[in-house]
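Each remark here refers to the structure printed beneath this line.
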Protein chains: 2
Amino acid sequence: MSSESLKIFAETETCPARNVLDRFGDKWSTLVILVLNEEEKLRFNEIHKVIGDISQKMLTVTLRSLEADGLVSRKVYPEIPPRVEYKLTDLGKSLVPHISSLIKWADQNFSSIMASRSKYNQKAN
Amino acid sequence: MSSESLKIFAETETCPARNVLDRFGDKWSTLVILVLNEEEKLRFNEIHKVIGDISQKMLTVTLRSLEADGLVSRKVYPEIPPRVEYKLTDLGKSLVPHISSLIKWADQNFSSIMASRSKYNQKAN
DNA sequence: CGGAATCCTGTAAGATACTG
DNA sequence: CAGTATCTTACAGGATTCCG
């Protein structure tokens, strides 16, 4: 993969790479995508329950931005009490394998990274 | 890929997935990795020049944390003026393909995402 | 040249309370 | 149930200065 093909040095707003990497720069987006990937469709509180430590506000914010990007679709049922279902769009699904491969790498190299970290911190003290 | 194999719901500190995703949560790490991937070895100011809009401080911080994780190696030459060379470790190199596949996805779907974004923002107003 | 040290600010994100 | 509305805070990251 050549340098030119990456185009990672453009301004953030117009650079696909930076733009999308920024999307994963937040704390919850990837996690929500992965959760949605496991169940086809999920309600707000179901997602909330699965990700124990996300606040209601951040789950809303995250879902809204994923929806804005066309990665997640939101379907409201006009009932009382209200019911809202979230699911990955095709675009969202097409992203999952790439995230998964990253997770897989993480799993495989986690102990190595942690070992390196503690070794590095030792030297510092 | 099953839910169980992902293990994304554990505590952040002990969860490989979250731990590594957090690493890419910062603004510059992936960018620095990609830059280092293109040149085999680079000096501090060379990296700085390639990534035009990173501050000296953040480049230092980023390189240090990448070094701590064992993704980047740092070699100091005892000369005056000082010379320091950075390069990816094998571990760092093994990560690159996964990032690249993400970038590739970003490139391919950027216009689609941007279109979705502006459409979403229209509705909001 | 390659940083370190300090100061400062914007914003992501948490806590809490309220609502159709 | 699925949010919205505020308020508050921590910390990432920028700007600047100094140093071996």
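Which aspartates and glutamates have a Cα lying under 19 Å from the Cα of A:LYS123, excluding residues fewer than 8 positions away in the same chain?
Answer for A:LYS123, where 19 Å is the Cα cut-off: B:GLU67, B:ASP69, listed by chain and number.
Can you give me the angle between helix A:56-68 and the longest principal axis of chain A, using Cα atoms only, in degrees from 0 to 90, rounded to the nearest 10?
Orientation of helix A:56-68: about 90 degrees from the principal axis.
What residues have an amide H closer than 5 Å to that of A:ARG43, excluding those fewer than 5 places away on the same chain, when H is modeled at 1.01 Å from N in the peptide plane?
The answer is A:TYR86.
What does the charge dipole of the range B:3-124 about its Cα centre add up to, to the nearest 20 debye, if the Cβ of each Lys and Arg holds +1 and the Cβ of each Asp and Glu holds -1?
Magnitude of the dipole: close to 380 debye.
Hey, what did chain A get for relative contact order, percent, Cα under 8 Å, at least 6 apart?
Over chain A, the number comes to 20 percent.
Describe numerically, in nm with one decimal, the distance between label points set 7 Å from Cα along Cα→Cβ at B:ILE80 and at A:THR14.
Using points 7 Å along Cα→Cβ, the separation is 4.6 nm.
In whole percent, and with a 1.4 Å probe on the protein chains, what portion of the accessible area of chain B is carbon and sulfur?
The value for chain B is 53 percent carbon and sulfur by accessible area.
If R₀ is 30 angstrom, what is the calculated FRET efficiency for the pair B:LYS87 and A:ALA124, using the beta carbon separation as r and rounding to 0.05?
0.90
Looking only at other chains, what is the average number of their beta-carbon atoms within 10 angstrom of each beta-carbon in A:16-28?
6
Roughly how big is the protein assembly as shown's charge dipole about its Cα centre, with Cβ charges of +1 (Lys, Arg) and -1 (Asp, Glu), in debye to the nearest 20?
300 debye
Which whole-Hz ³J(HN,Hα) couplings does the range A:33-49 yield from phi under the Karplus relation 6.51 cos²θ - 1.76 cosθ + 1.60, θ = phi - 60°, glycine and proline marked x?
4, 5, 5, 5, 5, 8, 10, 6, 9, 9, 8, 3, 6, 5, 4, 4, 6
Where a Cα-Cα gap under 19 Å defines reach, which lysines qualify for A:LYS41, not counting those fewer than 8 residues away within the same chain?
Filter leaves A:LYS49, A:LYS75, A:LYS87, A:LYS93.
Can you give me the accessible area per residue for the protein assembly as shown, using a 1.4 Å probe, in Å²?
53 Å²
Partner chain Cβ atoms within 10 Å, averaged over the residues of B:106-118 - can you pull that number for me?
Mean partner shielding for this stretch: 5.
Sequence-distant or interchain residues sharing an amide H contact under 5 Å with B:VAL72, placed H: which?
Hits under the 5 Å cutoff: B:GLU67, B:THR89.
The values are calculated or read from the model by the stated rules, or taken from the named source; none is laboratory data. Note that this is a predicted model, so its numbers are computed, not measured. Cβ: placed from backbone, ideal geometry, glycine included. Neighbour counts: every protein chain shown. With ligands, DNA and RNA removed, areas are computed over all heavy atoms of the protein, side chains included. Shrake-Rupley method; radii C 1.70, N 1.55, O 1.52, S 1.80 Å.
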